[in-house]
Amino acid sequence: MPLLIVPCGSANDFARARGLRQSKDSVNAWRRFVHGEKNIRQVDLGIIAQPNSSHYFCCVAGVGLDSQITRRANDLPRWFRKHGGYALTAPREFLRFAPFPMKISLDGNSADGISAAPFKPMTLAAVANAPTYGGGMKIAPHAKLDDGKLDLCAVRGMDVFKLFCLFPTVFLGRHLGIEAVEYEQTERIRIETEHPLDVYADGEFVCQTPVEFSVARDVLKVIVPG
């Protein structure tokens, strides 16, 4: 059964990725659909797996600093969450956060450019099925909902000053040129940390590390503008 997305949430990144920026865009898409136009697209979903559970996600899952920011942003009143809650919360978390040891494996192999050592100090790892999270931050600017891949954006450990300089570049997707940022596209990712850390996906708590990510191809039908 096709899904109609209406952008009434606090971030609306999934709707944005399908070209639905306002409620009227969804209404127009629905009208076209009921009048017989074939404005349906099939999209992928990400899967977060642990030994006894699995969880689908649409846009981005994260471990590290972005999970900390998301947890704080979720405590804000809804109006603030919808109007830049992630950005409002981030600076405070920058001052409190310390890099943590992480090991990343891609498709069952150690990712040499990301985690050549068994564990390496990291700031965050974002696993993306869509380009944006947090209300439009382009954490994975090359990600597509229908390419059968997950995009990994991993940021190595850095000091607070560099972190403050990095943050504005993410809004435009220009952070990929920074030396501390690693970017890969793959079908499977495993993330391990020395101590369990929270995993958030699409703004919600899911589980703790260690965790594996994979992609489910063409499993969701979505009504789109055109």
Item to complete: Tell me, yes or no, whether the stretch 50-57 has at least one residue that is buried (at least 17 other Cβ atoms within 10 Å of the Cβ) and of a type in the set (S, T, N, Q).
Response: no
Item to complete: Considering (1) over 16 Å from ALA128 (Cα atoms); (2) under 15 Å from the mean Cα position of the chain (by Cα), say which one VAL222 fails and leave the rest.
Response: (2)
Worksheet item: Assuming SER214 fulfils every condition listed in (1) within 22 Å of SER67 (Cβ to Cβ); (2) in contact with a Gly (Cβ under 7 Å, 6 or more places away or on another chain) apart from one, which condition is it?
Response: (2)
Worksheet, complete the sentence: Of those in the stretch 7-45 that are surrounded by fewer than 19 Cβ atoms within 10 Å (Cβ to Cβ) and without any contact (Cβ under 8 Å) to a residue 12 or more places away in the chain, the residue nearest to ILE139 (Cα to Cα) is LYS24
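Yes/no matrix, rows are residues, columns are (1) more than 18 Å from PHE100 (Cα to Cα); (2) modelled with pLDDT under 95:
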{"site": "ALA130", "(1), (2)": "yes, no"}
{"site": "GLY134", "(1), (2)": "yes, yes"}
{"site": "MET137", "(1), (2)": "yes, yes"}
{"site": "LYS144", "(1), (2)": "yes, no"}
{"site": "LEU150", "(1), (2)": "yes, no"}
{"site": "GLY157", "(1), (2)": "no, yes"}
{"site": "VAL160", "(1), (2)": "no, yes"}
{"site": "PHE167", "(1), (2)": "yes, yes"}
{"site": "PHE171", "(1), (2)": "yes, yes"}
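Quick check on the stretch 46-68. Is at least one of its residues of a type in the set (Gly, Ala, Ser), touching a residue at least 40 places away in the same chain (Cβ under 8 Å) and assigned to a helix (DSSP H, G or I)? Explain how you work it out, then say what you get.
Initially, the stretch 46-68 is screened for residues of a type in the set (Gly, Ala, Ser), giving 46, 49, 53-54, 61-62, 64, 67.
This time we only want the ones that are touching a residue at least 40 places away in the same chain (Cβ under 8 Å), so: 46, 49, 53, 61-62, 64, 67.
Cutting the leftovers down to assigned to a helix (DSSP H, G or I) gives us 67.
Yes, the stretch 46-68 contains a residue that is of a type in the set (Gly, Ala, Ser), touching a residue at least 40 places away in the same chain (Cβ under 8 Å) and assigned to a helix (DSSP H, G or I).
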Worksheet entry | Which listed residue, of ALA98, ALA73, is assigned to a helix (DSSP H, G or I), of a type in the set (Gly, Ala, Ser) and touching a Gly at 6+ places or on another chain (Cβ under 9 Å) | ALA73
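Give the residue that is surrounded by the fewest Cβ atoms within 10 Å (Cβ to Cβ), with candidates limited to residues of the stretch 128-182 that are acidic (Asp, Glu) and assigned to a strand (DSSP E or B).
First, the residues of the stretch 128-182 that are acidic (Asp, Glu): 146-147, 151, 159, 179, 182.
Those left that are additionally assigned to a strand (DSSP E or B): 151, 182.
Values: ASP151: 23, GLU182: 19.
Per the criteria, the residue is GLU182.
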Worksheet item: How about the stretch 202-222: which of its residues are more than 13 Å from GLN50 (Cα to Cα), at pLDDT 95 or above and buried (at least 21 other Cβ atoms within 10 Å of the Cβ)?
Response: VAL222
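Looking at the stretch 87-106, which of the residues that are modelled with pLDDT of 85 or more and of a type outside the set (Gly, Ala, Ser) is surrounded by the most Cβ atoms within 10 Å (Cβ to Cβ)?
Keep residues of the stretch 87-106 that are modelled with pLDDT of 85 or more, which gives 97-106.
Narrowing the set further to residues that are of a type outside the set (Gly, Ala, Ser) leaves 97, 99-104, 106.
On the way: PHE97: 17, PRO99: 18, PHE100: 20, PRO101: 16, MET102: 25, LYS103: 20, ILE104: 23, LEU106: 20.
So the residue we want is MET102.
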Response to the item:
By residue number, the members of the stretch 183-226 that are in a loop (DSSP other than H, G, I, E, B) and under 15 Å from ALA126 (Cβ atoms) are LEU197, ASP202, GLY203, THR209
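The values are calculated or read from the model by the stated rules, or taken from the named source; none is laboratory data. These numbers come from a predicted model, not from an experiment. Heads up, the Cβs are rebuilt from the backbone with ideal geometry, glycines too, and the neighbour counts pull from every protein chain shown.
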